[in-house]
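Each remark here refers to the structure printed beneath this line.
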Amino acid sequence: MQAIEMPIPEGDVGGEQTVEDKLPACFSTGTESLLQVTDLFKSYRLGQRSLPVLEGLSLDVKIGELVVIMGPSGSGKSTLLNCLSAIDVPDAGSVSLAGTLVDYDSEKARTALRRERVGIVFQFFNLIPTLSVRENILLPLMIRGKVKCEDRERADQLLIQIGLESRGDHLPSQLSGGEMQLTSIARALIHGPELLLADEPTGNVNPRIAEDILETLAGAAKARGVAILMVTHSAEHAAWADRVCFLKDGQIAAVLRQGRRRDQVALIHDYLANLAI
């Protein structure tokens, strides 16, 4: 099933909302593609049955692009992120990062992918309670070996960027939920990943902090050239994206391109309604 463009409501919606004639809508138009997913299949065993989750999904994300995935619970959003981070192994299809195919057959290669090329932001933070904020940010580098002086300087710069420069020596228990999520984003960026995967990063914080998180993610995409794939159920938060991809029946069913943010929220709700998501 090829992704389609849903009808746009009449009125002044602003911004370009169409998809290009020569490409499937699930593919971006930039020449600097970072992530390419082709015909991805993934199913799980449920007793004697096989439960299909991803059914030939294709997607492309370019350098510096923030792409949101939306869809109902159980539609495969988290499964997609797990396959892209090589936590899960797809049944069929291919994933390419900067032109290099992900080697799912090698556990060593899958681990190296997460340590060196992909950053992950979890919904529930996953911070180590006995480590300070700064140490949590440095954790991916600590796992790889000795932390250098320039690594600590990079961590301090990230603390400044997320507004927690005075909290580096605090424990996670001394932070708010939003501050913990910002810390987890800094941790995901510390090793300079090419791709950042964020699973409901704004799901457990208040609206003001959610905006800080979205600004941080959008800034990372534009300033650092990181390709970001974010899952969210919120139309308001999805409106920050360069593209919103709607997942249904294991495939990208439709795509909405960036427009004026105040108009995007209503458009996203229309897409969800039209797709019965």
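The values are calculated or read from the model by the stated rules, or taken from the named source; none is laboratory data. As the structure is a computational prediction, the values presented were derived from the model and not from experiment. Cβ coordinates were reconstructed from backbone atoms using ideal geometry, including for glycine residues, and neighbour counts include every protein chain displayed.
Observations, loosely collected:
- Scanning the range 213-234 for residues that are in contact (Cβ under 8 Å) with a residue 40 or more places away in the chain and either surrounded by 17 or more Cβ atoms within 10 Å (Cβ to Cβ) or aliphatic (A, V, I, L, M) (or both) returns Thr216, Leu217, Ala218, Ala221, Val226, Ala227, Ile228, Leu229, Met230, Val231, Thr232.
One line per residue, one yes/no per condition, for (1) of a type outside the set (A, V, I, L, M, F, W, C); (2) under 19 Å from Ile185 (Cα atoms); (3) touching a Lys or Arg at 6+ places or on another chain (Cβ under 8 Å); (4) buried (at least 22 other Cβ atoms within 10 Å of the Cβ):
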position	(1), (2), (3), (4)
Val67	no, yes, yes, yes
Ser78	yes, yes, no, no
Asn82	yes, yes, no, no
Asp91	yes, no, yes, no
Thr100	yes, no, no, no
Ser106	yes, no, no, no
Asn126	yes, yes, no, no
Pro129	yes, yes, no, no
Leu138	no, yes, yes, yes
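- Selected residue [of a type in the set (S, T, N, Q) and touching a strand residue (DSSP E or B) at 6+ places or on another chain (Cβ under 7 Å)] from Gln251, Gln181, Gln174: Gln251
- Every pair of residues 6+ apart whose Cβ atoms lie under 9 Å, when the first sits in the range 84-101 and is more than 14 Å from Leu195 (Cβ to Cβ) while the second is hydrophobic (A, V, I, L, M, F, W, C) and assigned to a loop (DSSP other than H, G, I, E, B): Ser94/Val102
- Complete set of residues in the range 142-174 that are over 21 Å from Gly219 (Cα atoms), within 24 Å of the chain's Cα centre (by Cα) and at pLDDT 95 or above: Pro172
- Those residues of the range 104-127 which are more than 27 Å from Ser176 (Cα to Cα) and assigned to a loop (DSSP other than H, G, I, E, B), in sequence order: Tyr104, Asp105, Ser106, Arg117
- Among the residues listed as Ala239, Ala210, the single one being in contact with a Gly (Cβ under 8 Å, 6 or more places away or on another chain) and either in contact (Cβ under 8 Å) with a residue 12 or more places away in the chain or under 16 Å from Gly163 (Cβ atoms) (or both): Ala210
- Looking only at the range 246-277, and only at residues there that are out of contact with any helix residue (DSSP H, G or I) (no Cβ under 8 Å at 6 or more places or on another chain) and polar (S, T, N, Q), the one that is modelled with the highest pLDDT: Gln251
- Some residue of the range 178-191 being closer than 27 Å to Glu65 by Cβ and not in a helix (DSSP H, G or I): yes
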